[in-house]
Amino acid sequence: MPRTLLPALALALLVPAAPASAAGDDPRWVFYSHDTTAYTSPWYAGAHRTMIGYGCTRAPYYSPDSRCPVGRGFHHGIDVALPCGTPIRAGRAGRVVSSAAYGPAYGAQPLVIRNRRLGVDLLVAHARRVYVSVGDRVRRGDRLARASDSGAPDGCHLHFEVRTAGGGLDDARRPVAFLDRKPA
Ligand SMILES: [Zn+2]
């Protein structure tokens, strides 16, 4: 065996190969959903699992909520595990409106797209490299941002939330239908 191959061989033996499906997985992800299906969606590139669904959750990041079993909090959106940097696109058309009323829990640059026909605000949280500005009109498929962990303790993901247009947290509604997701 040529002497020059030895270091490479030793390295190959020491470092286990990661399974292909784990490429880009975030070690901070914790899944509080029983649904292990990977879904595609016009809102993001690739096929990915749900971390936390909408409604009462065992996830420890939320204050106990009177709507839920004792001690459990209420999650107002749906969290999709996205490797950091995953492209996020507009899954529905609308106009970008201010996200100033949203707190730091939504990250440094949350995005709100108002669809007047549907009467809803569509919120994309934990984004970075936001490519659109308040006042812009976006069409389905337009690039919006990239997934990040801004404001998220549990790794890079998309928090997708739907509220009645102009509404507050109490106006959040079940968001799944607006994701238009399909099992991969
Ligand atoms: Zn969330």
Quiz item: In the neighborhood of ASP35, defined by Cβ-to-Cβ distances under 13 Å, what is the net charge if each Lys or Arg adds +1 and each Asp or Glu adds -1?
Solution: +1
Self-check item: Relative counts (whole %) of C-alpha pair distances in the chain, using bins that are 5 Å wide
Solution: 1, 8, 15, 20, 19, 13, 8, 4, 3, 3, 2, 2, 1, 0, 0
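Give me the number: length gained by fully extending ARG143 to THR164, i.e. 0.36 nm times residue separation minus the C-alpha to C-alpha distance, one decimal in nm. Show your work: numbers first, answer last.
Working: separation 21, 0.36 × 21 = 7.56 nm, distance 2.34 nm.
Here the answer is 5.2 nm.
In whole percent, what relative contact order does the chain give with Cα contacts below 8 Å and a gap of six or more residues? Walk me through the numbers before you get to the answer.
Details: 425 pairs, mean separation 42.2, N = 184.
Relative CO of the chain lands at 23 percent.
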Quiz prompt | Cα gyration tensor of the range 81-144 - equivalent ellipsoid semi-axes, whole Å, descending | solution = 18, 15, 10
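Restricting to DSSP loop positions (anything but H, G, I, E, B) with no more than 11 other Cβ atoms inside 10 Å of their own Cβ, which trypsin sites (Lys or Arg not before Pro) remain in the range 100-146?
On the way: sites: ARG114, ARG116, ARG117, ARG128, ARG129, ARG137, ARG139, ARG140, ARG143, ARG146; in loops: ARG116, ARG117, ARG129, ARG139, ARG140.
Passing sites in the range 100-146 are ARG116, ARG117, ARG139.
Every number in this text was worked out from the coordinates using simple rules, so none of it is lab data. Keep in mind that what you see is a predicted model, and the values were worked out from it rather than measured. Positions of Cβ are backbone-derived with ideal geometry, glycine not excepted, and every protein chain shown enters the neighbour counts.
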